[in-house]
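Here the structure comes first, spelled out in structure tokens, and everything after it is commentary.
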Amino acid sequence: MTRLVLVLGDQLSLGLSALAQADKADDVIVMAEVADEAAYVPHHPKKIALILSAMRKFAARLESEGWTVAYTRLDHPDNAGSIPGELLRRAAEVGASEVLVTTPGEWRLINVLSDCPLQVQFLADDRFVATRADFEGWAEGRKQLRMEFFYREMRRKTGLMMEGDKPAGGKWNYDAENRKSPPKDLRPPEPPKFEPDAITSEVLELVEARFSGNFGRLRPFWFATDAEQAEAALDHFIDHALPNFGDYQDAMLSGQRFLFHAVISPCLNIGLLDPLTVCQRVQAAWKAGHVPINAAEGFIRQIIGWREFVRGIYFLEGPDYVNRNALGHDRALPALYWGGETRMNCLSEAVEQTRDEAYAHHIQRLMVTGNFALLAGIDPHQVHEWYLAVYADAFEWVEAPNTVGMSQFADGGVVGSKPYVSSGAYINRMSDYCKSCAYSVTAKTGEGACPFNLLYWHFLERHRDRFKDNPRMGNMYRTWDRMDDGKRATIVKEAQIFLDRMSDGALV
Ligand code: FAD
Ligand code: DLZ
Ligand code: SF4
């Protein structure tokens, strides 16, 4: 009996569990470009183009390997507009009643498929190092879930950077050697840029016609859209950027949008690269003496540590996770996040780069756009929807724990033990943004004082009851409490004036 095998836009891996369980001779693969998936947030046009182009190329690859693929294009007149709608249409066409699917990376789609009147069989997504059961087992009975301890388990499980049962080089973590301030003359390599081929060019025209109202520049479009290009991007990263990855991991420089980052998260998240293979390649480069241990370990930690950890949290915490708001923040996301004018150069740089590239690196996301939203008390759900929309690598299983948890502390401390907040001093140390800013990073109050300086203390004061006894925040409160009353009152008043002006739509 023919079954349908659903392959979603972020499941473009030949080793996918649904394909491994399917029968090439009898089953029909369903792939569909649908309006519903393009509409749950206003995705960046580059993200939509990446997914549609990669889906079309993957479908062609499957056909060339002998699979029967029922592929629906976005502009096809019979397109049902949703994933279950397309499944029902195809089921009627081929006389199928059963569907095989690798479990989607989003509760929304899991629920939609569970409610579909066909018989849907969910298979584990085994493109990760830890299964959901592994993570649940690790988490059980622990008061606090900390990435570092989970990461060590993943090192043991994979054998990556291990010498027997000991960490390579004697330490689990080489971060003390990372995070240098960037020198002025730093010259990072550019990531490789892939010229759109015929398939991608056709998709670009479609996206231009349908989604030009969404925030973000479609062209130039240069992302890798198939496994071969993704492999070439990885090779380039390992050869040219990885050796300096650790040193300048937290640096931010105007005009240097990628620094020594890999820019492979879109490929990893849609299935064009396998995370374990990527880590093995990085380990091999270290073993061959091409990269220092702090770079290799730091990079592998991001993938088998953070990436696996946040996925575990997303599924452990359940569908309501994206609605958490532990700090009760309710200010509307200001227009500057959608490209509205701002005098704050750090935000202007991060948002402009996001608009152009559908990419910003971790510290821009965490310590510029995320830090500001948290300090300003923006509604975390609006912040979550913004991150889910604007980055090419954004899928809820990875985006939500990073945004709702790590960046906005809206989960009350599940992902992180303290909020990631900083004044302008941190941004000034790690970037050159402050040099060209209308505000002064050294001014703490008064005309032209850096808004991060005001909002930082305002945040601590607003949330004193929650954070005053947090051992990792004691120093912050001691510094604040040592200031004289007059200065503290001025800071709180000026911060409030700033927030009111911003919410009134004034140029800030
Ligand atoms: P590199 O800096 O070169 O790191 C290598 C790889 O490690 C990345 O490709 C990624 O797969 C992995 N990685 C690094 N940090 C994390 C992390 N915190 N969580 C998960 N994986 C990580 N990452 C996404 O893939 N999708 C998202 O939607 C996403 N949203 C984020 C939202 C916020 C508020 C923050 C603070 C971080 C978010 N991240 C997200 C994590 C991180 O910023 C990106 O993975 C990284 O910037 C991708 O660029 P890169 O490939 O150049 O990464
Ligand atoms: C993000 C996205 C978009 C924009 N379009 C499609 C699509 O047309 N068809 C499809 O199968 N998947 C798409 N996706 C990816 C899904 O939204 C993704 O599979 C879920 O968010 C689960 O991670
Ligand atoms: Fe950002 Fe403040 Fe520096 Fe301006 S001075 S770039 S607002 S941190």
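Below, the figures for the structure above:
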| item | result |
| --- | --- |
| Selection count, the stretch 388-422, where residues are within 15 Å of ligand 1 (Cβ to nearest atom) and either assigned by TED's automatic domain parsing to the domain that holds residue 38 or on the phi > 0 side of the Ramachandran plot (or both) | 1 |
| Residue list for the stretch 423-435, restricted to those being within 16 Å of ligand 1 (Cβ to nearest atom) and either in a helix (DSSP H, G or I) or surrounded by fewer than 19 Cβ atoms within 10 Å (Cβ to Cβ) (or both) | 426, 427, 430 |
| Test: residue in the stretch 23-36 that is crowded, with 19+ Cβ neighbours inside 10 Å, at pLDDT 95 or above and either assigned to a helix (DSSP H, G or I) or within 16 Å of ligand 3 (Cβ to nearest atom) (or both) | no |
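The values are calculated or read from the model by the stated rules, or taken from the named source; none is laboratory data. Remember, it's a predicted structure, so these values are computed and weren't measured experimentally. Backbone-built Cβ (ideal geometry, glycine too); neighbour counts: all protein chains shown.
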